Structure formats: structure tokens, C-alpha cells
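What follows is calculated from the coordinates using simple rules that are stated; it is not laboratory data. For clarity, every value in this text was computed on a predicted model and none was experimentally measured. Glycine gets a Cβ as well: all are built from the backbone with ideal geometry, and neighbour counts include every protein chain shown.
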Amino acid sequence: MIKYKLKCEHNHEFESWFNESKDFDNLRKKKMLECIYCSSNKIDKMIMAPRISNKRLQENNTNFLDK
């Protein structure tokens, strides 16, 4: 599963989950995506930063908080 932050032509922002990245593209081409606020079919993905988990970083932050 992949979560995208989406935006319609009227600048409404919302999030949605897809099984794969190509599912977004296929649904968009078929105009099967719709803004949850205004029902627009013109939807684009917004730039998102990936969430990366680093065990060593988490351990360092925990040690810092314990001091």
C-alpha cells in the first residue's frame, strides 16, 4: 500500500491510499479519481517526503531523551 497526498484543480488537498503507484495513474487516466471536497476529476499527486525508519537514529534519540 502507498499513500499519496493529492490536490485537485481548485487546490483542495487530501490523502488517499493505493495498492501500487501505477494504480493512481490508471485511475487518473480513467477519470475515476475525485476530489473529496468538490468532486473535481482533475487530480495530481503532491510532492511528499518518504518516511524513513533508522533504528540507530531512533536509539540515539532515545539516549538523548534519557539524559
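Key figures for this structure:
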{"item": "In Hz, Karplus ³J(HN,Hα) per residue of segment 41-47 (6.51, -1.76, 1.60; θ = phi - 60°; x = Gly, Pro)", "result": "9, 8, 10, 10, 7, 9, 6"}
{"item": "Surrounding net charge for Lys30, when Lys and Arg each add one and Asp and Glu each subtract one, Cβ distance under 13 Å", "result": "+1"}
{"item": "Spin-label pair Cys38/Trp17, simplified geometry with 7 Å Cα→Cβ offset, distance in nm", "result": "2.8 nm"}
